[in-house]
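*Asks:* Below you will find the structure I want to go over with you.
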Amino acid sequence: MLFSRFLQTALVLGLLSAIGPFAIDMYLPALPAIGASLGADVASVQWSLTAFFIALGAGQLFYGPVSDMVGRKRPLYFGLALFTLASVGCALATDIQTLIALRFVQGLGAAAGMVIPRAVVRDLHTGNEAARLMSLLMLVFSVSPLLAPLAGSGVIALTGWRGVFWAVAVAALAGLVLVNRALTETRLPADRVGSDLRSALTGYGVLLRDGHFMGLVLISGCSIAGFFVYLAGSPFVLINHYGLTPVQYSLAFSVNAAAFFVSAQFTARLGERYGLVAVVKVAVSAAGTVMVALLSYYLAGGDRLAVLLVLYFIASGCMGLVIPTTSVLALEEHGAIAGTASALLGTLQMLIGAAAMGLVGLFATGKPLPMVVGMAAGALVGLALTWITLGGARGHRVARHQP
């Protein structure tokens with residue numbers, strides 16, 4: 001009974017977390033078509049992704065503290081309703097500027113589904129149990145990158161790119177029903193005492209001064225940055241440069257996403273055996289090594305799609321061990337302000353990813369090398385931060401005190 005409730009919680013939280021990313025992953029195969037339809041260049045179309053991610057990050061700063069003050073469910077209702085309305089607006093957009101603006105609003109709504117499920121995990125569990133629930137949540141969450149690009153290709157073939165936004169609006173409405181019927185409030189009134197705007201600002205100050213917390217956030221942010229660079233560049237590289245069809249691109253994207261989410265299922269088991277800190281160190285080091293190999297290949301003049309896909313498949317598997325584990329470690333010592341801590345964690349992850357995506361977008365040519373440089377840079381900066389944050393005495397203390 002207890003295990004089935006554990007799985008139900010993971011299912012509900014995973015589906016809520018997937019609604020926002022669904023609006024990204026279904027959208028990816030349509031990027032070239034949107035540019036042609038709205039008369040926009042590659043950089044402008046990529047800004048419709050960047051705007052979404054900026055809002056997805058910034059919005060979490062609002063939802064996290066509010067969910068500490070009023071509970072987890074009410075902010076979810078607001079965010080999903082805002083996401084639904086913005087999705088309808090995106091479906092009706094007639095120029096790229098309007099689409100970018102509405103994608104920003106859509107991202108603000110989606111932020112609720114990103115930050116609050118992490119806070120719910122911390123409300124319920126810590127340590128390896130939290131890692132187990134987080135990995136199950138990510139397994140459910142994986143329905144988005146695994147199936148959404150294929151679903152997007154099908155929707156686009158039948159209705160054009162605008163149909164993608166009608167589809168995600170329906171998904172958000174289903175999310176509202178899910179929150180109402182299947183999600184139990186985990187932030188009880190007694191836990192909200194003392195949670196207000198002033199305490200939220202104080203909490204942000206405490207977190208920003210916590211070098212260990214910030215180090216873990218930046219490690220995960222660098223992993224996400226590499227993924228975001230691939231997310232923005234891969235439709236143009238794989239479809240325009242390598243000649244894949246939107247369906248073939250969706251399959252290639254889904255395979256790499258599968259590596260991430262399958263490896264994430266081993267975080268709790270590996271954490272129990274070796275410790276979560278050791279898992280992060282090894283996974284980040286392996287990802288950095290693989291990305292250096294990929295960058296070296298392209299700098300040497302290589303240009304085979306198979307090399308890109310295989311090496312990034314391995315790197316994605318490593319990231320699947322890094323991101324949920326660093327999130328659990330970062331929230332471990334901040335249960336009293338779990339919503340605020342989750343908000344800052346998610347915001348910085350999204351903003352780091354969006355900044356990397358925007359920076360690499362300035363040099364985008366539709367060819368692989370600029371994208372690979374950005375991906376490798378994220379992996380190497382993350383590697384340096386890992387050994388700074390977890391290689392010293394504080395890292396050893398955390399490793400010893402893990403449940």
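The values are calculated or read from the model by the stated rules, or taken from the named source; none is laboratory data. Note that the coordinates shown come from a computational prediction; the quantities given were computed from them, not determined experimentally. Neighbour counts are summed over all protein chains in view; Cβ atoms, including those assigned to glycine, are modelled from backbone coordinates with ideal geometry.
*Asks:* Does ARG187 satisfy the criteria of being closer than 19 Å to ALA23 by Cβ, basic (Lys, Arg) and touching a residue at least 24 places away in the same chain (Cβ under 8 Å)?
*Replies:* When the stated conditions are applied, ARG187 does not pass them.
*Asks:* Here is a follow-up. Quick one: in segment 263-292, which of the residues that are over 21 Å from ALA130 (Cα atoms) and among the hydrophobic types (A, V, I, L, M, F, W, C) is surrounded by the most Cβ atoms within 10 Å (Cβ to Cβ)?
*Replies:* ALA287
Here is a yes/no grid of residues against (1) part of a helix (DSSP H, G or I); (2) surrounded by 22 or more Cβ atoms within 10 Å (Cβ to Cβ); (3) at pLDDT 80 or above; (4) touching a Lys or Arg at 6+ places or on another chain (Cβ under 7 Å):
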position	(1), (2), (3), (4)
ALA169	yes, no, yes, no
LEU178	yes, no, yes, no
GLY194	no, no, no, no
THR202	yes, no, yes, no
LEU208	yes, no, yes, no
SER220	yes, yes, yes, no
ILE224	yes, yes, yes, no
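*Asks:* Right, here's the next one. Among the helices (runs of 4 or more DSSP H) contained in segment 251-336, which hold 3 or more residues that are aliphatic (A, V, I, L, M)?
*Replies:* 276-299, 305-331
Table: residues versus (1) surrounded by fewer than 24 Cβ atoms within 10 Å (Cβ to Cβ); (2) aliphatic (A, V, I, L, M); (3) modelled with pLDDT under 85.
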| site | (1), (2), (3) |
| --- | --- |
| THR326 | no, no, no |
| ALA343 | no, yes, yes |
| GLY346 | no, no, yes |
| ALA354 | no, yes, yes |
| LEU362 | yes, yes, yes |
| PRO370 | yes, no, no |
| LEU383 | yes, yes, no |
| TRP387 | yes, no, no |
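*Asks:* Kindly state which helices (runs of 4 or more DSSP H) lie completely within segment 1-113 and contain at least 1 residues that are surrounded by 20 or more Cβ atoms within 10 Å (Cβ to Cβ), aliphatic (A, V, I, L, M) and within 14 Å of the chain's Cα centre (by Cα).
*Replies:* 2-25, 42-70
*Asks:* Farther than 30 Å from GLY275 by Cα, touching a residue at least 12 places away in the same chain (Cβ under 8 Å) and not aromatic (Phe, Trp, Tyr): does that describe ARG122?
*Replies:* Spelling it out, it is not the case that ARG122 is farther than 30 Å from GLY275 by Cα, touching a residue at least 12 places away in the same chain (Cβ under 8 Å) and not aromatic (Phe, Trp, Tyr).
*Asks:* Condition check: more than 19 Å from ALA18 (Cα to Cα) and polar (S, T, N, Q). Does THR98 satisfy that?
*Replies:* Yes; evaluated as a whole, the condition is true for this residue.
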